[in-house]
2 protein chains.
Amino acid sequence: METFFNPQSVAVVGASNTLFNLAGTICNLLKHNNYHGRVYAVNRKGESVHGCPGYTSVLDIPDTVDLAVLLLSAQHVPQIVSDCGKKGIKNIIIESAGFSEAGEEGLKLQSEMEGYLRQYGMRLLGPNCLGTLNTHNGFCCFYGFVPEKYGDGFIAPGTISYIIQSGGIGVLVLDSFHKDVCKVNKMVSIGNKSDVDEADLIDYFNRDNTEVIGMYLENVRNGSKLMEAAKKVKKPILAFKVGRTSEGSKAAMSHTAGMANNDVIFDSACRQSGIIRLKSISELHSMPKMFTTMPLLRGNRIAVITNSGAFGGIAADLLVEAGLEMAVLSDDTQARLAKTGQLFNAKNPVDLGPAMAKQMFLDIFEILLSCDEVDGLLPVPNVWQDAVLEAIIELVKMCRHYDKPAALYIPNAIEKILGIRAKYQIPVFESPEEATRALAVSHQQHNYLLKKERYAYEGNHIQSSGKETESAVGV
Amino acid sequence: METFFNPQSVAVVGASNTLFNLAGTICNLLKHNNYHGRVYAVNRKGESVHGCPGYTSVLDIPDTVDLAVLLLSAQHVPQIVSDCGKKGIKNIIIESAGFSEAGEEGLKLQSEMEGYLRQYGMRLLGPNCLGTLNTHNGFCCFYGFVPEKYGDGFIAPGTISYIIQSGGIGVLVLDSFHKDVCKVNKMVSIGNKSDVDEADLIDYFNRDNTEVIGMYLENVRNGSKLMEAAKKVKKPILAFKVGRTSEGSKAAMSHTAGMANNDVIFDSACRQSGIIRLKSISELHSMPKMFTTMPLLRGNRIAVITNSGAFGGIAADLLVEAGLEMAVLSDDTQARLAKTGQLFNAKNPVDLGPAMAKQMFLDIFEILLSCDEVDGLLPVPNVWQDAVLEAIIELVKMCRHYDKPAALYIPNAIEKILGIRAKYQIPVFESPEEATRALAVSHQQHNYLLKKERYAYEGNHIQSSGKETESAVGV
């Protein structure tokens, strides 16, 4: 599997210098990224493309080739797959569309191509996909990608790996991390997944430097394989799937040839195998930072800290609706809080009113993180003064020290939140709903790991319906 | 009521030159805004503040005074209210806290002050509030507001009026409009609302240049008065209320002294009186543009147009979950769509694939808006090329022509969406969820008006439980 993300030599079949040639954009991108491997172009004329030596066939390349990337008319694909087999290439990415999603003719091409794959023992990614991206070595075979359009930092290296069944979602996710505190490790677009599927990739991401796995799925072909793969993983697996309604399933079917799946079954499969099901597409990029910057939420009692009484009430509603609880502070804790300064309210939600002194914030964070009644924080501070931002930066360290998480929201327009997050590199969420959800998702992961350990101890597989998990997501 | 928003002469009681004096910031703000009215400061020394002539008592001001704004220690308030009465001032805003929300002592002060109000026939806004903002004449008595911090356009004049029970929410709303296509008309912070309440203000906003009314409520003291006021209004009334859970109610109670309300009752009151209940605080600023830039959604059949197959499925799921429907396109409509260019899918969702020609978008918009099977659009276009943005600008005009709305979402990172919305002034929503919700909310308003008309025709009051409304919000 590693070869799909780190090939020493690549043949881009279909790349030419013709205007609007899509495969050519891959050669351009690899050169732009200074990719360390050797890159060859294969086209009818045998011409070189963006500095990559050109040949008329993969068989003519005077080098071993690890990976072939095919992007040309579907009807030519089976012949080229056969050539790749003869050449001894073991990994193929087919980006072309026109196979099983395109009716009878496509199915015929698909079956022919699959014959060669079996004959030569090759692994296939696709067809109808964008291929792979590895931010750590600059390998990327996403076609149509114009690096100049995105600017620096667009594919800055990180630790979140994505398995996606749509190129558009991939671009959205990458783009969204531009103003966030965590970044992408690897991304793979699986398309029609006629061979390599999400389960193979979960397996792979379980063994590399990935911290969090994100998935966008339009269908699941082999549910039990997915569940078996997921059950082996302790890293958080976050999944968004379309097709919750029959209209959504129908629309997805026309996109990547998936069968309409029963959504209830998928939901239950997720619960049993510890996959955290996401509620909106934006959670794919908003939730990972909760895992990369914060400890897991080990209980459900949350303390809210705010400068705005309104957000105290808003947060309380959201926490309860998410299956979490407003922590009940002891008299002792309340007395200690009252000593930090002029509080509007020393009960939970702790309301500082207009007070914005750094030390006061730090004292309050410390009292709440260290007390027995609180498992995690939902701070909603006003950041009109830099002192508050400095206190928040300290908070991230304090959370690690006390092994309790905080999910931050700043009650400003989104524009300001993005600016603050990028400038100060603090894990701020974009709405109170998102921050609350991050706490719920963190707790769900904690509960799953706990259950997993318990079952492992008892020598059992995890098969229960996961009551604890359910309550944590507030279903 | 007009005097609260457009006084010819104002006394700011409590304003001085002392460091951190909050009332003084109001004088500063009115000067900064070049407010046309006459502004006086009242303080112990009788000193002038930011160019506003100073007096030791309102009784000494050698001018008639329309409005007194009080921001000083609660214990002094009753005496000053009495002075205001003697002076003949008919409108008072009390921004000070420390009344009914502050226990027994506060209740005593409140009752004393209310005695003087009755005696002299004065109207009161507050206490424990920020007062009013009128973007059209620059009147604003929000304390602590530092105009230099916000920059131009922060209070650009618009047509959305807000009734809010929290200053923090007010600032968030104002700030969020900075990168949006509609703006604020008036905003009023009602605090403990011991006299003027949301019903009085709905009544007022029904008669001024307001197009949409937004409300943030922590409690409702007089539900039937609110319902009666709302029922007279044809303008959309959007309301967010905290206290859906008992924890949320408790938190709100500590903020603005409201009684915990039964949320189910509030919900039913909203349905009966045509108030659209919002699901998140951000909807307070995100939803109004659907009413100011688009016709109402008169049926529930939606066509999705996308460049990304993934978003076709995502949108279909969301529409169905919101109680709307994916429009079923006739063979004729599909044939006409297929002629516009190389489509991936001419069924709904209409998938253009990577095609991004302006004329193709325009043709598709026109076919869908003019066909009988479609009531509204949910376009999810890629905007990599300016031609698409030009097409979207045209779409807004086409929607008016065909009297059918479109709720736009652009599948880019939020940062890019904000940039596009502000630069091209097109009503783009920030997530597919938000765009779908805008359609649902528009349809809810349409159905309410329809029901209202029908009942008026039958000579009845609107008293049913609002079945249609319910289905439109997908409860």
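Which of the numbered conditions does A:Ser161 fail, given that it passes all the others? Conditions: (1) facing chain B (nearest Cβ under 9 Å); (2) among the polar types (S, T, N, Q); (3) within 11 Å of the chain's Cα centre (by Cα).
Unmet condition: (1).
I'd like to verify a number: residues in region A:321-357 that are under 22 Å from B:Gly168 (Cα atoms) and not small (Gly, Ala, Ser), how many?
Residues meeting the conditions: 13.
If I ask for residues that are open to solvent by less than 10 Å² (accessible area, probe 1.4 Å), in contact with a Phe, Trp or Tyr (Cβ under 7 Å, 6 or more places away or on another chain) and over 23 Å from B:Ala438 (Cβ atoms), which ones from region B:207-238 would you list?
none
For a quick check of your reading: which helices (runs of 4 or more DSSP H) sit entirely within region B:269-322 and have at least 1 residues that are among the basic types (Lys, Arg)?
Those helices (runs of 4 or more DSSP H) span B:288-293.
Determine the pairs where a residue that is under 15 Å from A:Asp208 (Cα atoms), located within region A:226-240, has a partner that is crowded, with 23+ Cβ neighbours inside 10 Å and among the acidic types (Asp, Glu) with Cβ atoms under 8 Å apart, the partner being 6 or more residues away or on another chain.
Listed pairs, sorted by first residue: A:Ala229/A:Glu198.
I'd like to know if region A:279-298 contains one or more residues that are away from chain B (no Cβ under 14 Å), over 28 Å from the mean Cα position of the chain (by Cα) and either surrounded by fewer than 20 Cβ atoms within 10 Å (Cβ to Cβ) or not aromatic (Phe, Trp, Tyr) (or both).
no
Could you please give the count of residues in region A:136-155 that are more than 14 Å from chain B (Cβ to nearest Cβ) and either among the aromatic types (Phe, Trp, Tyr) or touching a Lys or Arg at 6+ places or on another chain (Cβ under 7 Å) (or both)?
Total meeting the criteria: 1.
Among the residues of region B:239-253, what is the count of those that are at positive phi and surrounded by fewer than 24 Cβ atoms within 10 Å (Cβ to Cβ)?
0
Given the condition open to solvent by less than 50 Å² (accessible area, probe 1.4 Å), on the phi < 0 side of the Ramachandran plot and touching a residue at least 40 places away in the same chain (Cβ under 8 Å), answer yes or no: does some residue in region B:14-23 qualify?
yes
Just give me the residues in region A:413-472 being within 14 Å of chain B (Cβ to nearest Cβ), part of a loop (DSSP other than H, G, I, E, B) and at pLDDT below 95, in sequence order.
The one that is within 14 Å of chain B (Cβ to nearest Cβ), part of a loop (DSSP other than H, G, I, E, B) and at pLDDT below 95: A:Ala413.
Looking only at region B:317-336, how many residues end up being over 20 Å from B:Ser442 (Cβ atoms) and in contact with a helix residue (DSSP H, G or I) (Cβ under 6 Å, 6 or more places away or on another chain)?
The number of residues fulfilling the criteria is 1.
Starting from region B:303-330, keep only residues that are without any contact (Cβ under 8 Å) to a residue 40 or more places away in the chain and at the interface with chain A (Cβ under 7 Å from one of its Cβ atoms), then list their pairs with residues that are part of a loop (DSSP other than H, G, I, E, B) and among the basic types (Lys, Arg) whose Cβ atoms are within a distance under 9 Å, requiring at least 6 positions of separation or different chains.
B:Asp317/A:Arg244; B:Val320/A:Arg244
I'd like to check something: does region A:199-206 contain any residue that is surrounded by fewer than 19 Cβ atoms within 10 Å (Cβ to Cβ) and modelled with pLDDT of 90 or more?
Within region A:199-206, one or more residues are surrounded by fewer than 19 Cβ atoms within 10 Å (Cβ to Cβ) and modelled with pLDDT of 90 or more.
Report, by residue number, each residue of region B:77-90 that is touching a residue at least 24 places away in the same chain (Cβ under 8 Å) and either out of contact with any Asp or Glu (no Cβ under 6 Å at 6 or more places or on another chain) or surrounded by 24 or more Cβ atoms within 10 Å (Cβ to Cβ) (or both).
B:Val77, B:Ile80, B:Val81, B:Ser82, B:Asp83, B:Cys84, B:Gly85, B:Lys86, B:Lys87, B:Gly88, B:Ile89, B:Lys90
Just for strands (runs of 3 or more DSSP E) wholly inside region B:167-263: which have at least 3 residues that are closer than 30 Å to A:Leu352 by Cα and more than 13 Å from chain A (Cβ to nearest Cβ)?
Those strands (runs of 3 or more DSSP E) span B:184-189.
Pairs needed: first member in region B:38-50, over 16 Å from B:Val77 (Cα atoms); second member anywhere, among the basic types (Lys, Arg) and open to solvent by 20 Å² or more (accessible area, probe 1.4 Å); C-beta distance under 6 Å; at least 6 residues apart or different chains.
Within 6 Å, the pairs are B:His50/B:Lys31.
In region A:144-177, how many residues are in contact with a strand residue (DSSP E or B) (Cβ under 7 Å, 6 or more places away or on another chain), of a type in the set (Ser, Thr, Tyr) and open to solvent by 10 Å² or more (accessible area, probe 1.4 Å)?
So the answer is 1.
Taking B:Asp197 as the residue in question, decide whether it is farther than 16 Å from B:Lys289 by Cα and not β-branched (Val, Ile, Thr).
When the stated conditions are applied, B:Asp197 passes them.
Looking at B:Val146, B:Val69, which is the one that is of a type in the set (Val, Ile, Thr) and either modelled with pLDDT under 95 or under 30 Å from A:Glu415 (Cβ atoms) (or both)?
When all the criteria are applied, what remains is B:Val146.
Surrounded by fewer than 24 Cβ atoms within 10 Å (Cβ to Cβ), in contact (Cβ under 8 Å) with a residue 12 or more places away in the chain, of a type in the set (Asp, Glu) and over 16 Å from A:His285 (Cα atoms): does that describe A:Asp180?
No: the conditions fail for A:Asp180.
Within region B:371-389, take every residue that is more than 27 Å from A:Gly170 (Cβ to Cβ) and either more than 32 Å from the chain's Cα centre (by Cα) or at pLDDT below 95 (or both) and give me the one that is nearest to the other protein chains (Cβ to nearest Cβ).
Within region B:371-389, the match that is nearest to the other protein chains (Cβ to nearest Cβ) is B:Glu373.
Could you tell me whether B:Lys397 is outside any helix (DSSP H, G or I), away from chain A (no Cβ under 12 Å) and closer than 28 Å to B:Lys234 by Cα?
Criteria not met by B:Lys397.
A quick yes/no check of all residues on (1) under 18 Å from B:Leu418 (Cα atoms); (2) touching a Lys or Arg at 6+ places or on another chain (Cβ under 9 Å); (3) open to solvent by 30 Å² or more (accessible area, probe 1.4 Å); (4) polar (S, T, N, Q):
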{"position": "A:Arg400", "(1), (2), (3), (4)": "no, no, yes, no"}
{"position": "A:Asp403", "(1), (2), (3), (4)": "no, yes, yes, no"}
{"position": "A:Ala406", "(1), (2), (3), (4)": "no, no, no, no"}
{"position": "A:Ala413", "(1), (2), (3), (4)": "yes, yes, no, no"}
{"position": "A:Arg421", "(1), (2), (3), (4)": "yes, yes, no, no"}
{"position": "A:Ala435", "(1), (2), (3), (4)": "no, no, no, no"}
{"position": "A:Ala438", "(1), (2), (3), (4)": "no, yes, no, no"}
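Being over 19 Å from A:Phe4 (Cβ atoms) and among the charged types (D, E, K, R) narrows it down to one of A:Asp263, A:Asp208, so name that one.
After ruling out the rest, the residue left standing is A:Asp263.
Which condition number does B:Gln342 fail, the rest of (1) buried (at least 20 other Cβ atoms within 10 Å of the Cβ); (2) closer than 30 Å to A:Leu217 by Cα; (3) at pLDDT below 95 being met?
(1)
In region A:323-339, what count of residues is obtained for those that are in a helix (DSSP H, G or I) and either acidic (Asp, Glu) or open to solvent by less than 10 Å² (accessible area, probe 1.4 Å) (or both)?
4
Being out of contact with any Ser or Thr (no Cβ under 9 Å at 6 or more places or on another chain) and under 20 Å from A:Asp197 (Cα atoms) is the filter here; which residues of region A:70-108 pass it?
Residues satisfying the conditions are A:Val81, A:Ile92, A:Ala97, A:Ala102.
For B:Ala357, only one of the following conditions fails: (1) at pLDDT 95 or above; (2) surrounded by fewer than 24 Cβ atoms within 10 Å (Cβ to Cβ); (3) more than 8 Å from every other protein chain (Cβ to nearest Cβ). What is its number?
It is condition (1) that B:Ala357 fails.
The values are calculated or read from the model by the stated rules, or taken from the named source; none is laboratory data. Bear in mind the structure is a predicted one, so any value in this text is a computation, not a measurement. Note that we place each Cβ from the backbone using ideal geometry, even for glycine, and neighbour counts take in every protein chain shown. Note: areas computed on protein heavy atoms with side chains; ligands, DNA, RNA excluded. Shrake-Rupley method; radii C 1.70, N 1.55, O 1.52, S 1.80 Å.
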